[in-house]
1. First compute the accessible area of the chain with a 1.4 Å probe, then give the percent of it belonging to carbon and sulfur atoms.
2. With semi-axes √(5λ) of the Cα gyration tensor in Å defined as stated, name the option among (i) 43, 22, 18; (ii) 27, 26, 17; (iii) 25, 22, 20 computed from the structure displayed.
3. Scan around Glu270 for amide H atoms under 5 Å from its own, H built in the peptide plane at 1.01 Å from N, and keep only partners 5 or more places away or cross-chain.
4. Cα centroids of the range 251-271 and the range 61-115: how far apart, whole angstrom?
5. Heavy-atom accessible area per residue, the chain, 1.4 Å probe: how many Å²?
6. Can you tell me the order of 225-236, 209-220 when each peptide is scored by its average per-residue count of other Cβ atoms within 10 angstrom, highest first?
7. Can you send over the solvent-accessible area of Ile206, 1.4 Å probe, protein chains only, in Å² to the nearest 10?
8. Apply the Karplus curve 6.51 cos²θ - 1.76 cosθ + 1.60, θ = phi - 60°, to the phi angles in the range 124-133 and return the couplings in whole Hz, x for Gly and Pro.
Amino acid sequence: MANILEAGQTRVGRLLVAVTTVGWGLGWSMMKIVMNDWPPLFARGIAGLIAATGLAVIAVARGENLVPPRALFGPLVLGAASNVFAWMGFTSLSLLWLHVSEAALLTFTMPIWATLLAWPVLGERPTLRTVVALCLGIAGLLLLMSGNLEGGINKLPGVMLALAAALLFAWGSVTSRGAIPLAQIVLTTWLIGLGSSAMVVAALMIETPALASLTPAGMGALAYLAIGPMALCYLTWFGAIKRLPTATASTGLLLVPIIGTLSAAVILGEPLGMREILAFALTLGGVALELRRPV
């Protein structure tokens, strides 16, 4: 009976990873559309505040208490810093120096860091299957992004921000499992709300957003960022890491830049050739190998 329940939880976890990767993958193209109107950090922060407001309304409608115990405020701030501000904020800021593909390559080294951190923190020792899967996935990403990281010292701030996003989100993912005892929607509301508020404050200090410059296309893309990557995908991601080993869940995220590249080809008209197709095959092979690991 226990094995049946565990298998069911694993299947749900895999489905949640799939939803997360599709939502975050499409978000790269949507972010690029919004950046035609608003600067990146401000746009991401506003999308997050909209998402947090919507989640709060849902939580209240479900009869859940939105006010956490005072003792949880510190963990909530730390969780928001690593899971939201660093992941979404640092990545958005890195786009000031990097192309989307460059930022994606560096940011999605996250599965490597998550797998390494999960060993000492959670005792999840990586298996040979996991190592092979990661190698295949990273090889695919390197092939996909090959030749893009040019520009030397001028791009160093963006490189550092993207790597910081990967490392901090990996840490947040490893330490988030059951760390804050709140209902899932309430927890996600607070994490997104705190992280996004910090993004907006930082944006007003370093960016010059013009509210009236948001076009209908930008408004639609902003709505997608709020509903998809910031609200739904954070719920599904936190649900996934509670049901799957950290290495399995994070390896699934290697699909995000693949989906981002495909969506950019369709939505933005960016090129898609044999190099990209071979890269997809390698990455998909690695993800499939890890996600099909025995329960």
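1. Details: 9460 of 13030 Å².
Looking at the chain in its full context, I get 73 percent from C and S.
2. Structure-derived value, by its label: (ii).
3. Ala265
4. Answer, in whole Å: 20.
5. Numbers: 13030 Å² over 295 residues.
That works out to 44 Å² per residue.
6. 225-236, 209-220
7. For Ile206, the solvent-accessible surface is approximately 110 Å².
8. 8, 6, x, 8, 4, 4, 5, 4, 5, 4
The values are calculated or read from the model by the stated rules, or taken from the named source; none is laboratory data. Remember, predicted model here, so these are calculated numbers, not experimental data. Because the Cβ atoms are built from the backbone with ideal geometry, glycine has one as well, and the counts that use them run over all protein chains shown. Please note that ligands, DNA and RNA were not included when accessible areas were found on the heavy atoms of the full protein model with its side chains. Shrake-Rupley method; radii C 1.70, N 1.55, O 1.52, S 1.80 Å.
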